[in-house]
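Before any comments, here is the structure.
The values are calculated or read from the model by the stated rules, or taken from the named source; none is laboratory data. Every value quoted in this text rests on a predicted model; they were computed, and no experiment measured them. We place every Cβ from the backbone using ideal geometry, glycine too, and count neighbours over all the protein chains shown.
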Amino acid sequence: MRLTIRDLQKMKRQSERIVMLTAYDATSARLCEQAEVPVLLVGDTLGMVVQGHSSTIPVTLEQMVYHCGLVARATTRPLIVGDLPFMTYSTPEQALRSAARMMQEGGATCVKLEGGTRMAGTIQTLVQAGIPVMAHIGLTPQSVNQVGGFRVQGKDVETARQLLADAAAIQAAGAFAVVLELVPAGLATLITRRLHIPTIGIGAGAGCDGQVQVFHDILGLYDALNPKHTRRYIDAGTLLRSAIAEYRADVLAGRFPTEANSFAMEAAVLALLEGEADDAGH
């Protein structure tokens, strides 16, 4: 049985850390579930780590629904958070249509959208329609062109107060949790203390109720960026390149495939076929 939003809220009340990781396909989802990761984010970061874009902006709703379906079909236990991509929730009505597709077609347990105070009305509309919403404040990658790049948010008094207001607004609107991205650790801790809903940090320090990271970042599979907020637990990229190079060398040298990788047939059948081929050649 899948975890629910009530399970996450219970984890906060009991001071149990919440672990969230991105997953974009069946293989990564299965690995995460086998490692007992309770929350999987089908993030629009797939635009960068899977599709090769420089930002999340080009990702479409159809693509998010597709990838969410891959993750949902491959797992039975984790709560699945589906990102609503850029310009698919610009009005409450559009947000309802987009979120409905993510849940009905993609199998998401809930949806995530970016924005604080300005999105409170949309969050409230979704929640009233029975759609659980995880909010996302601080750095909002879909607004990267407006904020001038991937920069820490809330470092001065004015912007810090805005983030505090954003956090209060999305909680009042009914969001069940909030992602805090690239927020000073002290501010993230303050927000976490003030909210009764869970906070999930990424580049927001250890004071949040949980943490989320990108699958490819912690495994060393994506080297276009090297964010300070992540930790590489294994250099899987180097390991995989080495294995691929070894395969290539074996094929070129005739060491692969071997008899162990091949399938046999009866000698008499082969002899008959060879004889027929010889006769046809004459």
Residue within segment 75-84 that is assigned by TED's automatic domain parsing to the domain that holds Gln128, among the hydroxyl-bearing types (Ser, Thr, Tyr) and more than 26 Å from Gly237 (Cβ to Cβ) present: yes
Hits in segment 30-50 (condition: more than 16 Å from Met103 (Cα to Cα) and free of Cβ contacts under 8 Å to residues at least 60 places away in the same chain): Arg30, Leu31, Glu33, Gln34, Ala35, Glu36, Val37, Pro38, Leu46, Gly47, Val50
Only listed residue being buried (at least 24 other Cβ atoms within 10 Å of the Cβ), without any contact (Cβ under 8 Å) to a residue 60 or more places away in the chain, assigned to a strand (DSSP E or B) and of a type in the set (A, V, I, L, M, F, W, C), chosen from Leu113, Leu126: Leu113
Residues of segment 209-228 classified as at pLDDT below 95 and crowded, with 17+ Cβ neighbours inside 10 Å, total: 1
Qualifying residue in segment 70-90 (condition: more than 12 Å from the chain's Cα centre (by Cα) and either closer than 18 Å to Thr230 by Cβ or modelled with pLDDT under 95 (or both)): no
Thr60 vs. criteria assigned by TED's automatic domain parsing to the domain that holds Thr140 and either surrounded by fewer than 21 Cβ atoms within 10 Å (Cβ to Cβ) or in contact with a Pro (Cβ under 9 Å, 6 or more places away or on another chain) (or both): yes
Residues (over 25 Å from Thr192 (Cβ atoms) and either part of a helix (DSSP H, G or I) or outside the structural domain of Pro198 (by TED's automatic domain parsing) (or both)) located in segment 16-38: Ala26, Thr27, Ser28, Ala29, Arg30, Leu31, Glu33, Gln34
